[in-house]
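Note sheet for the following structure.
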Amino acid sequence: MIKKCLFPVAGYGTRFLPATKSMPKEMLPVVNKPLVQYGVEEAIEAGLTEIGLVTGRGKRAIADHFDVSYELEHQIAGTSKEEFLSSIRDVMHKATFSMTRQQEMRGLGDAILNGRRLIGDEPFGVVLSDDLCLNSGEGDGVLSQMVQLYKQFRCSIVAIQEVPEDQISKFGVIAGEKLKDGIFQVTDMVEKPPVEEAPSNLAIIGRYILTPDIFEIIENTPPGKNGEIQLTDALLTQAKAGCVLGYKFKGTRFDCGSVDGFVEATNFVYNNIYKG
Ligand code: UTP
């Protein structure tokens, strides 16, 4: 029912400079696969095979990654090395890719608004690929869990996790009424609050299901924290007018937008997936 998934990948990734000076953060490899490919594989697993990339200047490597590389592929065709391409070929076979560009980095809300033409008037997923979510061996991926929840509630859903106090100011944070184990109806939402102003310790991470009325709400959302158009602010408006759910997902999330989280993810994937 939900077919499309938006990947806002226009950010500068300043926390990874100088690595990200000319290379997109989303192409940083966790062992042997770029972050964005993990995200796309998660979307495909959830049945979201129409991928929309909101890119920006200096991000061509992302679009190229999901396209054929003729010289390279010709060179290694028929050799044992061809096997290394199997995962990306599988992704390219199962999904389609469309791009649009965000001209100025005006925040996540603005990036999503830029994707409006690619989405149209239907519910869609959003993946921030610097949040690497793994649920290996434990069942469905995070986006897949959220799609199942959407079928039941038919409203926007944000993935949440409990975070320690000293981390709270890095996230959007929700307050909510518990509907069931792990499912909250959002009553408040604050972007990157100081710990004493945080409404709870339930932090929003980079997985969303959004209903398309969010676009008009974003259009009418003024710049918020850091002068950026914040998706959190638009979601709060949506929550007040109707319903937004917070969903405590099953699985592990690594903040690969930070060096510490990236190294942690690399060790985890190397030991548990790559070496198997
Ligand atoms: P982040 O704030 O984590 O990414 O945005 P960043 O700005 O690239 O990283 P730092 O803080 O400078 O190191 C979360 C996601 O939203 C996208 C980013 O690409 C990232 O995937 N984003 C953010 C946009 O696409 N456009 C924006 O204007 C802002």
Subject >> Condition broken by T187, with the remaining ones in (1) open to solvent by 20 Å² or more (accessible area, probe 1.4 Å); (2) over 12 Å from A239 (Cβ atoms) satisfied >> reply: (2)
Original post:
If you scan the range 117-150, which residues turn out to be β-branched (V, I, T) and closer than 24 Å to V31 by Cβ?
Top reply: V127, V142
**OP:** Considering each of R101, R15 in turn, give the residue that is within 12 Å of the ligand (Cβ to nearest atom) and touching a strand residue (DSSP E or B) at 6+ places or on another chain (Cβ under 6 Å).
**Re:** R101
Subject >> Subset tally (residues that are at pLDDT 90 or above and within 16 Å of the ligand (Cβ to nearest atom)) for the range 30-65 >> reply: 22
**OP:** Find the strands (runs of 3 or more DSSP E) located wholly in the range 85-135 whose residues include 2 or more that are in contact (Cβ under 8 Å) with a residue 12 or more places away in the chain, buried (at least 23 other Cβ atoms within 10 Å of the Cβ) and among the β-branched types (V, I, T), and list them.
**Re:** 124-127
**OP:** Report, ordered by the first and then the second residue, all pairs with beta carbons closer than 6 Å, sequence separation of six or more or different chains, a first member in the range 1-13 that is of a type in the set (D, E, K, R), and a second member that is buried (at least 21 other Cβ atoms within 10 Å of the Cβ).
**Re:** K4/I119; K4/F124
Original post:
Regarding S80, is this residue in contact (Cβ under 8 Å) with a residue 40 or more places away in the chain and surrounded by fewer than 17 Cβ atoms within 10 Å (Cβ to Cβ)?
Top reply: no
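The values are calculated or read from the model by the stated rules, or taken from the named source; none is laboratory data. In this text the structure is predicted, and so the values were computed from the model without any measurement. When we count neighbours, we look across all protein chains shown, and the Cβ atoms used for this are built from the backbone with ideal geometry, even at glycine. These accessible areas exclude ligands, DNA and RNA; they are computed on the full protein's heavy atoms, side chains included. Shrake-Rupley method; radii C 1.70, N 1.55, O 1.52, S 1.80 Å.
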